[in-house]
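Read-outs throughout are calculated quantities, based only on the coordinates presented, and are distinct from any laboratory measurement. Keep in mind that this is a model prediction, so the values were computed, not measured. Cβ: placed from backbone, ideal geometry, glycine included. Neighbour counts: every protein chain shown.
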Ligand SMILES: [Ca+2]
């Protein structure tokens, strides 16, 4: 299983900035916190960058899915959809491709 690095930069408020990232690994349109939250920062000062690593589960569906990044003020347990007082949500597309092991035996 390959480990990936993600870096998330918070905004300009002086404190209590928290940021999280999610990937919809099973393409069901729901970001399950327990299994699909790939990053959850500690309390960050203004303009801080939180860097962490995550792995793509072997059960992840192949194909393009959504990576959601949320910054929520004063929330140390960010949910992908719940209301936040201040913050920002951005969605990106990511493509999950098979590992080389999946190609073994195909004569590729
Ligand atoms: Ca999901």
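In deg cm²/dmol and to the nearest 500, what is the mean residue ellipticity at 222 nm of the chain if only DSSP H runs of at least 4 residues count, each as -39500 (n - 2.57), divided by the residue total? Write down the numbers at each step before the final one.
Working: 2 runs with 8 residues, N = 108.
Value at 222 nm, helices only, nearest 500: -1000 deg cm²/dmol.
List the extent of the Cα atoms of the chain along each of their three principal axes, largest first, rounded to whole Å.
The Cα atoms of the chain stretch 56, 24, 20 Å along their principal axes.
Multiply the residue gap between residue 77 and residue 92 by 0.36 nm, knock off their C-alpha separation, and tell me the result in nm, one decimal place.
Numbers: separation 15, 0.36 × 15 = 5.40 nm, distance 2.09 nm.
Stretched fully, the residue 77-residue 92 segment lengthens by 3.3 nm.
With the crude spin-label approximation of a point 7 Å out along Cα→Cβ, what separation in nm comes out for residue 53 versus residue 26?
Result for the modelled spin labels: 2.7 nm.
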